[in-house]
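Step one of this worksheet: look at the structure below.
The values are calculated or read from the model by the stated rules, or taken from the named source; none is laboratory data. In this text the structure is predicted, and so the values were computed from the model without any measurement. Cβ: placed from backbone, ideal geometry, glycine included. Neighbour counts: every protein chain shown. Just the protein is used for accessible areas: all its heavy atoms, side chains included, with ligands, DNA and RNA removed. Shrake-Rupley method; radii C 1.70, N 1.55, O 1.52, S 1.80 Å.
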Amino acid sequence: MLFIGVSAVAFMWAPGSPVPVVPNGALRRLLTGLMFAGGATAVVYSPLGQISGGHINPAVTLAFWRLGKVPTRDAVIYIVMQFLGAFVGAYAAGLAWGPLTTGVQFAATVPGDGYTWAGALAAETFITFLLVFTIFVCVNKPKVAPRTGLIAGTLVALLVMIEAPVTGTSLNPARTLGPAVLAPNYTALWIYFVGPVAGALVAVAAFRGQWGAQTVCAKLYHTEKYPCPFDTCSYRLVSAGETVMMQGESGVEAYVVERGHLDVQRNGAGTETVTLARLGPGDWVGEMSLLLDEPRSATVLAATDAQLRRVNKHDMGHVLAEDPKRTEELLRQLARRVKATNERVAGSI
C-alpha cells in the first residue's frame with residue numbers, strides 16, 4: 001500500500017513529474033486518494049490480504065483487538081509488521097522514483113498551514129473513527145461484507161479530497177511513521193499516533209453502544225479459498241457436499257445462512273434419507289437443538305458452496321435482544337415449521 005500510495009503522491013504532486021498538473025486542487029487530491037486507497041483496496045482482495053485479513057493499519061488491528069476478535073499476540077505481531085511494511089514500501093518508492101519521491105518528502109503527513117495541533121488532532125480522530133466504524137458496520141452486514149474493501153477505499157479517497165489540507169489524511173500511524181523517518185520530518189508526529197488510536201477506540205465504543213460487543217470477524221474479505229487466520233471468526237465456509245451437522249449429535253451452535261444453500265435431511269425407514277427442506281440466505285439452521293439443549297434432529301449438507309454465520313448461546317441472546325431483523329427471520333422460520341407440522345397432522349386425521 002505504501003509503495004503505491006507514495007508513488008501516487010510523487011507523480012501527482014512532485015515538481016518535475018511527467019504527469020500533467022491537474023489545476024483543480026480538490027480533483028487532484030481525489031485522484032491521488034483514489035490511487036492511494038486503491039492500493040489498500042487491492043491488498044484487501046489480493047491473496048496476501050485474504051491470507052492475513054487485510055488490516056494494513058494498526059488502528060484497525062487495535063480496534064478488532066479491543067473487540068476481542070484478534071488475540072493479543074497476533075495484534076502485536078500484526079502492528080510490528082505494519083510499521084515495518086510501511087517503512088519498506090516508502091523506501092522502495094524512494095528507490096524507484098528518486099527525486100520525485102524526495103520532492104514530496106516521501107508523502108510525509110504534517111498539519112496544514114494555519115491549523116493548530118488541536119484541530120489536526122480532532123481531524124485525525126474523526127476521520128479514523130469514520131473509517132473504523134464503517135468497517136465494523138460493513139463486515140457485519142452479509143450483503144455488504146464482500147464489498148468492505150471497496151467501501152472503505154472509497155471513503156478514504158473522499159477523505160483525502162476533503163481533509164488532506166488539514167492533516168494529510170493519515171488515518172494510520174504506520175503510514176505516517178515510515179515516510180517521516182525517511183524524509184526525515186517529525187513535525188507533530190504524535191498527532192498521527194494519538195488521533196488514529198483515539199478514533200479507533202471511539203469507533204469501538206460507538207459500535208458496542210449500537211450493536212453490542214459482537215462482530216463477526218476481523219478479516220475484511222472471506223472466500224472459500226483462503227481460511228480465516230483468526231480463531232474467533234464467526235464465519236464458517238463450507239463446500240458443496242460438505243456435512244454441516246449430523247443427526248443425533250449435540251448442538252452447541254446454530255448457523256445463519258449468509259450465502260449459498262443447504263439441504264436438511266433426516267434418516268427415514270431403513271437406509272432411506274428424506275430431504276426435508278432447502279435453506280438459503282437468511283435462514284437459520286440448528287437453532288432448535290441450541291435452544292432446547294437436545295441432539296440434532298436432522299443432518300444438514302451443503303447443496304452449494306456456502307458461507308454460514310455461527311451463533312452460540314451467548315450470541316443467540318444478543319441476536320434476539322439487539323437484531324430485530326434476525327429475530328424476525330428466526331420467528332418466521334419457526335412459524336413456517338409449526339404450520340407445516342399442523343398441516344401434516346391435519347392431513348393424517
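Every residue, every condition in (1) part of a helix (DSSP H, G or I); (2) of a type outside the set (A, V, I, L, M); (3) in contact with a helix residue (DSSP H, G or I) (Cβ under 7 Å, 6 or more places away or on another chain), yes or no:
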| site | (1), (2), (3) |
| --- | --- |
| Val110 | no, no, no |
| Asp113 | no, yes, no |
| Ala122 | yes, no, no |
| Leu131 | yes, no, yes |
| Lys141 | no, yes, no |
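If you take the residues in the stretch 219-247 that are among the hydroxyl-bearing types (Ser, Thr, Tyr) and outside any loop (DSSP other than H, G, I, E, B), which one is least open to solvent (accessible area, probe 1.4 Å)?
Taking the stretch 219-247 and keeping what is among the hydroxyl-bearing types (Ser, Thr, Tyr), we get 221, 223, 226, 232, 234-235, 239, 243.
Adding the requirement that they be outside any loop (DSSP other than H, G, I, E, B) leaves 235, 243.
Values: Tyr235: 18, Thr243: 57 Å².
Here the residue is Tyr235.
Could you figure out which of (1) modelled with pLDDT under 95; (2) open to solvent by 10 Å² or more (accessible area, probe 1.4 Å) isn't true of Phe136? (2) is the only condition that Phe136 fails. Condition check for Val311 on (1) touching a Lys or Arg at 6+ places or on another chain (Cβ under 8 Å); (2) modelled with pLDDT of 75 or more: one failure, at (1).
Taken over the stretch 209-247, the criterion of being within 13 Å of the chain's Cα centre (by Cα) and at pLDDT below 80 is satisfied by Thr215, Val216. Are there any pairs, at least 6 apart or on different chains, whose C-beta atoms fall under 7 Å, with the first in the stretch 238-261 and over 14 Å from Ala298 (Cα atoms) and the second among the hydroxyl-bearing types (Ser, Thr, Tyr), and if so, which? The qualifying pairs are Ala240/Thr304; Gly260/Thr304; His261/Thr304. Whether any residue in the stretch 57-66 is of a type in the set (D, E, K, R) and either closer than 19 Å to Arg147 by Cβ or touching a Phe, Trp or Tyr at 6+ places or on another chain (Cβ under 7 Å) (or both) is what I want to check. Checked against the condition, which is being of a type in the set (D, E, K, R) and either closer than 19 Å to Arg147 by Cβ or touching a Phe, Trp or Tyr at 6+ places or on another chain (Cβ under 7 Å) (or both), the stretch 57-66 yields no hits at all.
From the list Leu100, Leu27, Leu67, which residue is open to solvent by 50 Å² or more (accessible area, probe 1.4 Å), of a type outside the set (S, T, N, Q) and over 20 Å from Val194 (Cβ atoms)?
Values: Leu100 fails: open to solvent by 50 Å² or more (accessible area, probe 1.4 Å); Leu67 fails: open to solvent by 50 Å² or more (accessible area, probe 1.4 Å).
So the residue among Leu100, Leu27, Leu67 that is open to solvent by 50 Å² or more (accessible area, probe 1.4 Å), of a type outside the set (S, T, N, Q) and over 20 Å from Val194 (Cβ atoms) is Leu27.
Take the conditions (1) touching a helix residue (DSSP H, G or I) at 6+ places or on another chain (Cβ under 8 Å); (2) of a type outside the set (Val, Ile, Thr); (3) closer than 30 Å to Pro173 by Cβ; (4) surrounded by fewer than 18 Cβ atoms within 10 Å (Cβ to Cβ); Ser250 misses just one of them, which is (3).
Checking Ala200, Ala174, Ala188 one by one, the residue that is hydrophobic (A, V, I, L, M, F, W, C), touching a Pro at 6+ places or on another chain (Cβ under 7 Å) and within 23 Å of Gln50 (Cβ to Cβ) is Ala174 and no other.
Can you tell me which residue in the stretch 11-52 is farthest from the chain's Cα centre (by Cα), limited to those that are small (Gly, Ala, Ser) and farther than 19 Å from Leu159 by Cα? Only one residue tops the list, namely Gly16. Filtering Arg344, Arg332, Arg337 for residues that are at pLDDT 75 or above, out of contact with any Asp or Glu (no Cβ under 7 Å at 6 or more places or on another chain) and open to solvent by 80 Å² or more (accessible area, probe 1.4 Å) leaves a single hit, Arg332. Against the list (1) touching a Phe, Trp or Tyr at 6+ places or on another chain (Cβ under 6 Å); (2) surrounded by 19 or more Cβ atoms within 10 Å (Cβ to Cβ); (3) among the β-branched types (Val, Ile, Thr); (4) over 19 Å from Thr232 (Cα atoms), the condition Val19 fails is (2). For the stretch 70-88, the condition holds for at least one residue, the condition being that it is outside any helix (DSSP H, G or I), more than 30 Å from Val21 (Cβ to Cβ) and touching a Ser or Thr at 6+ places or on another chain (Cβ under 9 Å).
Is the stretch 73-83 home to any residue that is open to solvent by less than 40 Å² (accessible area, probe 1.4 Å), modelled with pLDDT of 95 or more, small (Gly, Ala, Ser) and farther than 24 Å from Tyr186 by Cβ? Checking the stretch 73-83: at least one residue is open to solvent by less than 40 Å² (accessible area, probe 1.4 Å), modelled with pLDDT of 95 or more, small (Gly, Ala, Ser) and farther than 24 Å from Tyr186 by Cβ.
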